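First comes the structure, then the notes that go with it.
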Amino acid sequence: MASRGRRPELRGPPELYYDKNEARKYVRNSRMIDVQTKMAERALELLCVPEDKPCYVLDIGCGTGLSGDYLSEEGHYWVGIDISPAMLDEALDRDTQGDVILGDMGQGIPFRPGTFDACISISAVQWLCNANKKSDVPAKRLYCFFSSLYSVLVSGGRAVLQLYPENSEQLELITTQATRAGFTGGVVVDYPNSAKAKKFYLCLFSGPSTSIPEGLSEDTEEEKPAKSTFTAERVPYRIARRGVVRKSREWVLEKKARRRRQGKEVRPDTQYTGRKRKPRF
């Protein structure tokens, strides 16, 4: 893991930085698993895809497949692309439900036009802003990435890319190239006043621009500090996700809260919410 104050992108190309040792942290460190899962959950929330219809989703910088696990749990199908062989090896060892391929997003997305309904990316796009060799031109690589992404999405498709821009100039470079490629949209910032919890989500639309969702703040959701633990064994995905059992009362309440944040009509919570009904004769 990078030392404090030293960004991973400044330590070398991603295919070398994410070696076997770094990849293992993404399947054994419970805090990293929880953070990745929460960001994937937020990205899917910002996509505003129909909850009753499975979608075909592209996961850019899929790594060990943590974000893909959440997509699978929500009933979607996905394909992941990543530049690190070590990260993809861990994904295959974990028997992720999606397909994964080795590739450099800066050289374009290798799929046919209109293949995917939507796209998510967690902590990957900022890597394109650094030149690791003389032939690398960040602006050209970003444009190649965004133009190919625009192509592989269906008409009206959306992409939500979580990223860590180094500064405002880097964020402007990214958004400029996305606009050049034909995307509309904007940036959603969660917890803008928090040094640790602040997150940037680039929300892109391949069709007419719609309203940009509002970012989360300390007033809408209370932050809880999480301790980092490291074990010698892989942490099962369902245990890592705060022990929330699918269809349980807590799971139902979280889902209803997410729909309220999306501006959808949701029935009020009662003592019967999430209650299991007895089978009828």
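The values are calculated or read from the model by the stated rules, or taken from the named source; none is laboratory data. Every value quoted in this text rests on a predicted model; they were computed, and no experiment measured them. Here the Cβ positions follow ideal geometry from the backbone for every residue, glycine too, while neighbour counts run over all protein chains shown. For accessibility, only protein heavy atoms count, side chains too; no ligands or nucleic acids. Shrake-Rupley method; radii C 1.70, N 1.55, O 1.52, S 1.80 Å.
Restricting the first residue to the stretch 118-140 and requiring it to be touching a residue at least 24 places away in the same chain (Cβ under 8 Å), which pairs with a second residue that is assigned to a loop (DSSP other than H, G, I, E, B) and among the hydroxyl-bearing types (Ser, Thr, Tyr) meet a Cβ separation below 6 Å and a spacing of at least six or different chains?
Short answer, once both residue conditions are applied: GLN126/TYR164.
Would you check which residues across the stretch 134-174 are part of a helix (DSSP H, G or I), open to solvent by less than 40 Å² (accessible area, probe 1.4 Å) and over 16 Å from ILE60 (Cβ atoms) and list them?
Listed by number, the residues that qualify are PRO138, ALA139, GLN170, LEU171.
Show the residue pairs meeting these rules: Cβ distance below 6 Å; 6+ apart or different chains; first residue within the stretch 20-45 and assigned to a helix (DSSP H, G or I); second residue small (Gly, Ala, Ser) and open to solvent by 30 Å² or more (accessible area, probe 1.4 Å).
From residues that are assigned to a helix (DSSP H, G or I), the pairs are ARG31/ALA226; ARG31/SER228.
State all residues of the stretch 176-215 that are assigned to a loop (DSSP other than H, G, I, E, B), more than 23 Å from SER151 (Cβ to Cβ) and not hydrophobic (A, V, I, L, M, F, W, C); if no residue qualifies, say none.
Matches in the stretch 176-215: TYR191, PRO192, ASN193, SER194, LYS196, LYS198, SER211, PRO213, GLU214, GLY215.
Residues being in contact with a Leu (Cβ under 9 Å, 6 or more places away or on another chain) and either of a type in the set (S, T, N, Q) or in contact (Cβ under 8 Å) with a residue 40 or more places away in the chain (or both): count how many of those fall in the stretch 171-192.
Here the count works out to 8.
Across the stretch 243-281, which residue is modelled with the lowest pLDDT among those that are closer than 22 Å to LYS38 by Cβ and of a type in the set (Val, Ile, Thr)?
Among residues in the stretch 243-281 that are closer than 22 Å to LYS38 by Cβ and of a type in the set (Val, Ile, Thr), the one modelled with the lowest pLDDT is VAL244.
Need the failing condition index for MET87 against (1) modelled with pLDDT of 95 or more; (2) hydrophobic (A, V, I, L, M, F, W, C); (3) under 23 Å from ALA197 (Cα atoms), just the number.
Only one criterion in (1) modelled with pLDDT of 95 or more; (2) hydrophobic (A, V, I, L, M, F, W, C); (3) under 23 Å from ALA197 (Cα atoms) is unmet by MET87, namely (3).
Residues of the stretch 175-190 being in contact with a Gly (Cβ under 6 Å, 6 or more places away or on another chain) and crowded, with 19+ Cβ neighbours inside 10 Å, which ones?
Across the stretch 175-190, the qualifying residues are VAL188, ASP190.
From the set of residues in the stretch 33-54 that are of a type outside the set (A, V, I, L, M, F, W, C) and under 24 Å from MET87 (Cβ atoms), which is least open to solvent (accessible area, probe 1.4 Å)?
Step one: of the stretch 33-54, the residues of a type outside the set (A, V, I, L, M, F, W, C) are 34, 36-38, 41-42, 45, 50-54.
Filter once more, so that each one left must be under 24 Å from MET87 (Cβ atoms): 34, 36-38, 41-42.
Values: ASP34: 22, GLN36: 32, THR37: 3, LYS38: 91, GLU41: 26, ARG42: 18 Å².
Among them, the one singled out is THR37.
List the number of the failed condition for ASN193; all other conditions in (1) within 24 Å of ARG31 (Cα to Cα); (2) surrounded by 10 or more Cβ atoms within 10 Å (Cβ to Cβ); (3) more than 21 Å from the chain's Cα centre (by Cα); (4) at pLDDT 80 or above hold.
With (1) within 24 Å of ARG31 (Cα to Cα); (2) surrounded by 10 or more Cβ atoms within 10 Å (Cβ to Cβ); (3) more than 21 Å from the chain's Cα centre (by Cα); (4) at pLDDT 80 or above applied to ASN193, the lone miss is (2).
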